[in-house]
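Only one structure is covered here, and it is reproduced in the block below.
The values are calculated or read from the model by the stated rules, or taken from the named source; none is laboratory data. All values derive from a computational prediction rather than experimental measurement. FYI the Cβ positions are ideal-geometry reconstructions off the backbone, even for glycines, and counts take in every protein chain you see. Each accessible area value is taken on the protein alone, full model and side chains, heavy atoms only, with ligands, DNA and RNA left out. Shrake-Rupley method; radii C 1.70, N 1.55, O 1.52, S 1.80 Å.
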Amino acid sequence: MSLLHKQALKQRVGGLPPMPPPGVGGAKKMPGLGRQRDYTPVYWDKYFEHMHDVKVGENIFRVYECGTEGPVLLFLHGGGFSALSWAALSSAVSHLVKCRCAAIDLRGHGDSVSTDETNLSAEVMSSDVGGVVRELFGEEPPPIVLVGHSMGGAIAVHTAVGGMIPSLAGLIVIDVVEGTALEALTSMQSFLRGRPKVFKSMEHAIEWCVRSGQVRNLDSAKVSMVGQMKRVDTNETASSELDHQHHADPNEAPATHTPSVPETLHKTTHVDAIMEEEEPEEEEEENEIQSSKPAYHDVLDGHAAVHHSPSANQTVAEGQRSQQSDNKNKGHSAAEFKVPEPQPHQYTWRIDLSQTEPFWRGWFEGLSSKFLSCEVPKMLLLAGVDRLDKDLTIGQMQGKFQMQVLPKSGHAVHEDVPEQVAEALATFLTRYKMAQATANFEPMFPGC
């Protein structure tokens, strides 16, 4: 067909429809062409400078620190999380202002060990915090700003009201409000039952953490999820396991075993790097809008309800056993049998949050009035304004505390957007002349 004939035909049919702009409509992407995401766990020393254990009576609390001068930001994590939840934020804020950051594994969490892991009452946990401060800083502690997330925010308020820290200079609570928290308690158990009980590797636990929306920032999830898990077979925490591997060979990528356990001396070199397809922008925006709505099960730990089918490794193992049985019945020689590959170690949650239900109301009842009664400078960081209850709304209008909303984050605000939270904390510290800004930060003072 000649070029003249083609042009005439094109004019006759009215022309072809215009091509859609890049990223809009069009054919679906070919499978396997997405980006590669690495879910390998990250060791704590990428963000913190020191890690040590603090003995308070017969109890031992794991503490991570960074920074050398200025006021102390004492971080208290949410239920089910650990001190590693503060890793990314601690590193970010210590670069903006001159401060020291200290994050504690609370009782029953992370690598802390106590004589009674089941007593998580507000009175006991706030007393623990006061004891750690005395052991760390003696009778004359430096100015301390308490920063708590979710359950840790409630414990921070109880600690402040109870006068556990004589040098308390400020109080910052992240995404916990009395009214919303108490509403959520009725459905909390069903949400906890819905999350996975076991993960076949730490990589899969981190992948679930990000895909479920518990933490939206992959970099933060890779360091913080380690503090939430333990080995099923040995009960060793994943953070302790990673610590052993790191000291054995700091340059070696983390494997899924503990060299110190005799029955697991085999070497595992496989690291899960999962290929996933890039999603259209419209779908990402829709997911972002949906995930910004308040999730009432966020009060304790932000875990989403996800149901998992039996793992592929279990299916393969069952298939191998069935094949071996068939071969034996057919009279095949033992030389034809395949030796099954060793199964990867499985991980489960460090703490069973469902067993902490007797203490839930004690954490949150009266929280708003207690928060408002604290006479030190205060700030409330929220993922959405609809989480504010009546008492806090009135208090905020009266200027009793500073409030900042970060709507593009989930319940784990400090993990999802650590840079933005670091700026909010740095602004708070410089506004009240508690800390000096570094060359990396230009203070800005919001109106609320």
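General observations
- If you sort T115, T237 by accessible surface, 1.4 Å probe, largest first, the order is T115, T237.
- Sparse packing (at most 10 other Cβ atoms within 10 Å of the Cβ) combined with a DSSP loop state is found for the following GluC sites (Glu not before Pro) in region 99-183: E139.
- Vicinal HN-Hα couplings computed from phi for region 171-183 (Karplus, 6.51 cos²θ - 1.76 cosθ + 1.60; Hz; Gly/Pro x): 9, 10, 10, 10, 6, 9, 10, 3, x, 5, 5, 5, 4
- Within region 41-108, trypsin sites (Lys or Arg not before Pro) in DSSP loop having at most 12 other beta-carbon neighbours inside 10 Å: none
- Taking the square roots of 5 times each eigenvalue of the Cα gyration tensor of region 61-120, largest first, gives ellipsoid semi-axes of 24, 11, 8 Å.
- In this structure the amide hydrogen of V54, modeled in the peptide plane, comes within under 5 Å of the amide hydrogens of F61, R62, V63, none closer than 5 places in sequence on its chain.
- Residues D105, D45, sorted by accessible area with the largest first, give D45, D105 [1.4 Å probe; ligands and nucleic acids excluded].
- Distance (nanometres) between label positions extended 7 Å along Cα→Cβ at V232 and S121: 3.6 nm
- The trypsin sites (Lys or Arg not before Pro) of region 363-448 that DSSP puts in a loop, and whose beta carbon has at most 10 other beta carbons within 10 Å, are K433.
- Alpha carbon centroid spacing (whole Å) that separates region 424-438 from region 71-104: 15 Å
- Rounded to the nearest 10 square angstrom, W44 shows an accessible area of 40 square angstrom against a 1.4 Å probe.
- D416 accessible area, assembled protein chains, probe 1.4 Å, Å²: 20 Å²
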